[in-house]
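One structure is given below, encoded as C-alpha cells.
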Amino acid sequence: MEKYRVKSSNKLSRSSILIWRAVQYTVWLIGVYIIYNLIFNPTLGIHLFWNILIPIAPLLLVFLAGLWRNVCPMASMSLLFRHLGMSKRKKLTIKQSGKLNLIAIIALFIIVPMRHAIFDMNGPATAILLFSIAAIAIVVGFFYEWKSAWCSGLCPIHPVEKLYGQKSKLSLPNAHCNQCFKCVTPCPDSTPNINPLSTSKTIYHKLTGFLTIGAFPGFVWGWFQFPDFQGIYSFGQLIMIYKQPMLGAIVTTLAYVILKRYINKNELIKLFAALAISCYYWFRIPALLGFGIFPGDGMLIDLSSTIPEFFIYIIVSAIILFISSWLIFSKKRKNSWTIRPIYAKSNNKLINGKNY
Ligand code: SF4
C-alpha cells in the first residue's frame, strides 16, 4: 500500500502529547457531563447530545475530520488499553475488517430511526445506548490493534466520516497512534482523500461503500419525513419508523446505480456526500430553531415568532451552498485526516523494551 503513504512523518513532541491528552480528557469529561445529564436531567442532556453535539458533527467531519478522530471520547475509551500497553493488539484480516465496516453501516441504519420512537425523547435510553456502544468500543479496543476494530471498523459513524471527510481542510498530527503498525489498510486517518470506495478489497467493503454513498442521502431525507413519538407499542409502529428512511435509501440507491454509468466515480461520491449533508442541514437547522416540519421535534430554541421563516431558509441555503461547493468544487488536496506517524520498525509487541 505504498501509494497510500503520507510523505511527512509525525512524531509528536512531549508538550504536544500533553496538550492533546488535555484536550482529549476535556472532551471526554464533556461526554461524561452529557451522559450525567441524559440520566439525571434528560431535557438538558437531550439538548446537549441530540440538538448540539450531533448537529455540529457533520460540519466537523467535512472540514476537520482529523480533529474529531483525535478527540472523540468513544475513541479515547476504545484506545485506553492500547495507550496503557494492555491491549492484546491482534491484527484483523482484511475480510474481518470489511465485515466490521458492513456491520457499522447496518448498525447506523438500525439505530438512527429508533431516535423517533425512543432516543430523541428519552435521556436515560440514550445514555444506555452510549454506554453499550462504549462497552463494545472498549472491548474491541482491548483485543485489536489501535483503531482497526473500533474507529476504523465497528463505529457506526465511521462510514459517514469517510463520506463527508473526503476533502478535509487540515492534516493534524495523529494524537493516538504513537507509531504506525499498519493495523488497517488503507488507514482512513492517514490516507489522503479517503472515501467510502477507497477500500474495495472484499465484497463487504464494496457493499459498505455502496450503501454509504448510494443509500445514505435518501436515508437522511426519509428520516426527516417522520415525527418523533413516544414508545413503540406495535410491530406496525416499528415498521413505520423504518419505512420512510428505507424508501428514501432505495430511491437514492437506484439513482446512484443509474448515475454510475454516466458520471465518474469520484465525482459521484462528492455529489452524493453533498446531497446527504444538504438534506441533513436543510431539515435540521430549521427544526433546531423552531421551524421544523413537525413543530417541537428536535427543537433547541423557538425563534418562530421572532425571525421570519424565509430568513432562516436564506441562511440554511447559504450554509448548504458553502458545504456542497466545498465538497464538490474545492481543489483536491492531498490531505489525510491526520498525518501518519512513523512506521514501527517491527510489529513485535515489545519495541525498545517498551510494551506499546
Ligand atoms: S496510523 Fe497506523 S496504527 Fe494508527 S490506525 Fe492508522 S494504520 Fe493503524
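The values are calculated or read from the model by the stated rules, or taken from the named source; none is laboratory data. Please read all numbers here as calculations on a predicted model, not as lab measurements. Reconstructed Cβ throughout: ideal geometry from the backbone, glycine too, with neighbour counts over all protein chains shown.
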Residue within segment 149-166 that is among the polar types (S, T, N, Q), within 29 Å of residue 324 (Cα to Cα) and at pLDDT below 95 present: yes
Residue within segment 1-24 that is buried (at least 16 other Cβ atoms within 10 Å of the Cβ), within 26 Å of residue 117 (Cβ to Cβ) and at pLDDT 95 or above present: no
Enumeration of residues in segment 92-112 that are loosely packed, with under 15 Cβ neighbours inside 10 Å and in contact (Cβ under 8 Å) with a residue 40 or more places away in the chain: 94, 95, 111
Helices (runs of 4 or more DSSP H) (entirely within segment 51-91) containing at least 2 residues that are over 13 Å from the mean Cα position of the chain (by Cα): 73-78, 80-83
Single residue of segment 283-298 satisfying the filter (modelled with pLDDT under 95 and within 24 Å of residue 61 (Cβ to Cβ)) that is surrounded by the most Cβ atoms within 10 Å (Cβ to Cβ): 298
Subset of segment 259-282 that is free of Cβ contacts under 8 Å to residues at least 60 places away in the same chain and either closer than 22 Å to residue 227 by Cβ or in contact with a strand residue (DSSP E or B) (Cβ under 7 Å, 6 or more places away or on another chain) (or both) - its residue that is surrounded by the fewest Cβ atoms within 10 Å (Cβ to Cβ): 282
Within segment 126-144, tally of residues that are surrounded by fewer than 16 Cβ atoms within 10 Å (Cβ to Cβ) and either of a type outside the set (Val, Ile, Thr) or under 18 Å from the mean Cα position of the chain (by Cα) (or both): 4
Qualifying residue in segment 163-177 (condition: away from the ligand (no atom under 16 Å from the Cβ), of a type in the set (A, V, I, L, M, F, W, C), over 15 Å from the mean Cα position of the chain (by Cα) and farther than 16 Å from residue 106 by Cα): yes
Yes/no for residue 115 being closer than 23 Å to residue 163 by Cα, charged (D, E, K, R) and in a helix (DSSP H, G or I): yes
Tally of residues being within 16 Å of the ligand (Cβ to nearest atom) and at pLDDT 95 or above across segment 196-215: 1
Residues within segment 130-157 that are assigned to a loop (DSSP other than H, G, I, E, B) and within 11 Å of the ligand (Cβ to nearest atom), tallied: 5
Some residue of segment 115-122 being touching a residue at least 60 places away in the same chain (Cβ under 8 Å), within 16 Å of the ligand (Cβ to nearest atom) and not charged (D, E, K, R): no
Residue count, segment 323-354 (criterion: modelled with pLDDT of 80 or more and either surrounded by 11 or more Cβ atoms within 10 Å (Cβ to Cβ) or assigned to a strand (DSSP E or B) (or both)): 17
Residue tally, condition touching a residue at least 40 places away in the same chain (Cβ under 8 Å) and out of contact with any His (no Cβ under 8 Å at 6 or more places or on another chain), over segment 297-314: 3
Meets criteria (within 13 Å of the ligand (Cβ to nearest atom) and either under 23 Å from residue 33 (Cα atoms) or of a type in the set (S, T, N, Q) (or both)) for residue 187: no
Every pair of residues 6+ apart whose Cβ atoms lie under 9 Å, when the first sits in segment 16-29 and is assigned to a helix (DSSP H, G or I) while the second is among the β-branched types (Val, Ile, Thr): 20/71; 23/71; 24/71; 26/71; 27/71; 28/71
